[in-house]
1. Extending each Cα 7 Å along its Cβ direction at R57 and I107, get the distance between those two points in nm, one decimal.
2. How would segment 99-154 be classified by its alpha-carbon gyration tensor: rounded, prolate or oblate, with rounded meaning a/c under 1.5 and the a/b versus b/c comparison settling the rest?
3. Which log10 I(q)/I(0) values, to two decimals, does segment 17-120 give at q = 0.17, 0.20 Å⁻¹ under the Debye formula with one point per Cα?
4. Tell me which lysines have Cα within less than 26 Å of K150's Cα, excluding those fewer than 8 residues away on the same chain?
Amino acid sequence: MTQLPKWDDYFYEIAEVVAKKSKDKPKVGAVIVREEDHILLSTGYNGPPRKVLDLERRLAGKKTKLSWICHAEMNAIFNAVRSGAALLGGKIYVTKFPCVMCAGAIIQAGLVGVYTEDIWFWEGDPLDDGAGSCSVRTLTEAGVQIHAPKLDFKNARPDLEPSSQWARSNANESGNGKHDLSGGCRA
């Protein structure tokens, strides 16, 4: 008998397929799910806003690219709004750990969980410290559960004290749960 994939694996694999639509590098995909009944609500990938041309020259250079591209998480949220899908209580599966702005959008949309298999934080986030500290702090302070089994939080900012929220949500993955990044956010 064939073993069915777990829901997290299933939706994460869909996010990986969604990422293939992006012309940007890295290609990022996001899927928003109503977890209680495993209904896929929305998808998004990093690309320009609807009806805006995705010209190669707009993807050249970080500063130019950031002026033209919407991140996958925001596109998934905007696509849900456009179709009238209610996101409150949902979970987002994303192929890259969310930046600070996307973390805020995730919270404001009412999402309660983030799942990623990313292996590093976005070092180019102009609003963060390169170790994901502000993104993680923003999400955990708002009570968003983060499941990121491949990220090494304890080596990202070992000087920071653990938060109880982070320790509770990730203790099983890390062994001790003592690797919160809550103190590195510039605030």
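1. Modelled inter-label distance: 3.9 nm.
2. Numbers: a/c = 1.84, a/b = 1.18, b/c = 1.56.
Taking the square roots of the gyration eigenvalues as a ≥ b ≥ c, segment 99-154 is oblate.
3. -0.73, -0.98
4. K6, K20, K21, K23, K25, K27, K62, K91, K96, K178
Values in this text are rule-based calculations from the coordinates and carry no lab data. Not measured: the values here are computed from a predicted model. We place every Cβ from the backbone using ideal geometry, glycine too, and count neighbours over all the protein chains shown.
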